Structure formats: structure tokens, C-alpha cells
Amino acid sequence: MAQTGVAYEPLPRWGHAIVSVGDRVYMWGGRTEGFSVSTRKSLASCVEVFDLNTELWEKKTTSGTPPLGLYNNAHALIGSSLYVYGGYDGQKSYNTLYKLDLSTLQWTEVKYSSGSKTPMKMSGCGMVAYGTQKLVLFGGYGVTEDQDRSSPFFKRNSVTKGTGWTSEVWVFDIEEGKWFEPEASGSCPPPCVDFSFTKVDGHRAIVFGGHQPETGAVSDAYILELGSWVWKKLVKGSGDAAWPIARDGHAATVLHCR
């Protein structure tokens, strides 16, 4: 049963998914202090909805099987469907894709076509919608089954075998149920995690900041042309020109103005 009224407040958390549809904001998952089994089950089996008109939170139960990657997943909205990729559950990361229909609040696992290549099992990645039938995934940290993997878009973790950081771009075709890795060019970002990956318009997305294994938190910004898959690094202004400081684990959105 839904819980309504001013008395309800969501638990403090981080690494959650959050999107808006109309005048409502939907929040799912995340990591809490303690992160007990009962808390994980509760976070996985509901969405918490903030009504911008009443300024009240409401807890709503979902149906179906939710993702296991409760936090630091990648997520994107297409229409009234929230797509969630990967994430971490406190012990391991995933390379599964789920869809939550926000009109029915039902979870469905998106099945991959037989023989389809998939990105790594990872967290700390980002995802944006491209049109109405494609999802674009970027970056993250995770597990690779290829122990000899060598790529300019992958940085191996020398301490934890079989893991590493990536700056790969992957595209999922929802209609075909297949992932593919386009050939990215231009000034590509180094492998990184916990950046913001934000859609600017119908053909561009921007990456800002994040944590790179060689340097830690950065303040670099890159534009990705969706479709041509060409990267462009933005140049910081000189002197007193405004530019955000280095950071990771932040959020970003786009404000369209003239």
C-alpha cells in the first residue's frame, strides 16, 4: 500500500537513480548506511515519488523482478520507461539491463539477443537515451572476463585481477536487443568512473569530471556527438574565466536558455 503525507521521508542514501516525468520525480535504489538485507529488499522493491505540486514524497511498491545493482548503476529515461544498467550490490557488479514502466511500476529484464556482445559488469558508468530506441553507455569500473584485455579505452587495475576502468562507448538497440561498440574517434576521455554524463540535445552528450585512475578527480569536459561518435575535449578558459573544480560522484543537468 502506498504511504502518503508529510510524515514520509526517504532514507538518506547515495548512488541512487532519479528521473523526472511531468511534475513527478522518481527515485529508485541507492546505498544506505548499514545496508542490511531488509533495507536492500525495501529499496529494490519500491520507487519513491516526489510530487512537485504538493512537495510531498510517496512510497510506491513495484512489481516484477528489480535489478540487483542497487547503486552506482547507469540509468536513462525513454518516454515513461526507466532503463537501469549494471550497478553494484555491495559484493559484485552486473551487466544486466532492466526496464521499469513508470505508468504501471512493473520491472522487466531486457533480454539480450542470442550471441550479443555485452559491456563489462560494472558500476560508476553513465547512460543517456539516443532517440526512442537506443541507449548509449559510457565509462565505468568493473570486471572483465578477458584477462589479457588491451585497449586504449581500458585501464587495468594492477591490484585486483580481472578488473579495470573503461572509457568505452556502447550502444544498445532496444528493438534488436543487441549491444554494439561503435568506433569512437577524436579527443576521447581517458578511462574514468563516477563522472556526469548528460544529454545536451538530440545529438550530443557531455561528460564532466569523474575519477581517473592516474590522476584522481578531474575537471575535464568532453562532448560526444551521438551517431558519428566523435569526441571533442572542451578547452578551459584562461585567467578568471569560470570553470568548475575537479570532482566525482556529482550530478548535472541541462538548462536550455537563450
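The values are calculated or read from the model by the stated rules, or taken from the named source; none is laboratory data. Worth saying up front: this structure is predicted, and the values here are computed from it rather than measured. When we count neighbours, we look across all protein chains shown, and the Cβ atoms used for this are built from the backbone with ideal geometry, even at glycine. Please note that ligands, DNA and RNA were not included when accessible areas were found on the heavy atoms of the full protein model with its side chains. Shrake-Rupley method; radii C 1.70, N 1.55, O 1.52, S 1.80 Å.
A compact table of results
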item: For the chain: relative contact order, % (alpha-carbon pairs under 8 angstrom, 6 or more apart); result: 11
item: Per residue accessible area in Å² of the chain, where ligands, DNA and RNA are left out and the probe is 1.4 Å; result: 52
item: Lysines whose Cα lies under 23 Å from that of Lys99, excluding same-chain neighbours fewer than 8 positions away; result: Lys41, Lys59, Lys60, Lys111, Lys117, Lys121, Lys134, Lys178, Lys199
item: Spin-label pair Glu183/Asp51, simplified geometry with 7 Å Cα→Cβ offset, distance in nm; result: 5.4
item: Global form of the range 31-95, assessed from the alpha-carbon gyration tensor, a/c cut-off 1.5; result: oblate
item: Label-point gap, in nm, between Thr104 and Asp201 - each point 7 angstrom along Cα→Cβ; result: 3.6
item: Prolate/oblate/rounded call for the range 155-258, Cα gyration tensor, a/c under 1.5 rounded; result: oblate
item: Two-site label geometry, Lys161 and Thr253: point separation in nm, points 7 Å out along Cα→Cβ; result: 4.6
item: Protection proxy ranking of 44-50, 136-142, 80-86, 199-205 - average other beta-carbon atoms within 10 Å, highest first; result: 136-142, 80-86, 44-50, 199-205
item: Accessible area (Å², 1.4 Å probe, nearest 10) - Glu9; result: 140
item: Evaluated at q = 0.11, 0.19, 0.22 Å⁻¹: base-10 log I(q)/I(0), Debye formula over Cα of the range 58-144; result: -0.29, -0.87, -1.13
item: Added length on full extension, which subtracts the Cα-Cα distance from 0.36 nm per residue, Ser20 to Glu33; result: 2.1 nm
item: Residue-span extension gain [Asp146 to Glu176] - 0.36 nm each, minus C-alpha spacing; result: 8.3 nm
item: Charge-dipole axis of the chain as Lys and Arg at +1 and Asp and Glu at -1 on Cβ define it, positive-most pick from Ala242, Gly79, Trp231; result: Trp231
item: Förster-model FRET efficiency, 45 Å R0, Gln91 and Ala241, C-beta, rounded to 0.05; result: 0.50
item: Helix-only mean residue ellipticity at 222 nm for the chain, each DSSP H run of n ≥ 4 adding -39500 (n - 2.57), per residue, nearest 500; result: -1000 deg cm²/dmol
item: Distance from the range 191-258 to the range 59-123 (C-alpha centre basis), Å; result: 24
item: Identified option (computed mean projected area of the Cα convex hull in nm²; candidates (1) 16.0; (2) 19.9; (3) 25.5); result: (1)
item: Gain on full stretching of the segment that runs from Lys233 to Ser114 - 0.36 nm per residue minus C-alpha separation; result: 39.2 nm
item: Candidate residues Thr253, Thr144, Thr118: accessible-area rank, largest first, probe 1.4 Å; result: Thr253, Thr118, Thr144
item: Anisotropy class of the range 99-185 from Cα gyration tensor, a/c 1.5 cut; result: prolate
item: Accessible surface of Trp57 - all protein chains present, 1.4 Å probe, nearest 10 Å²; result: 60
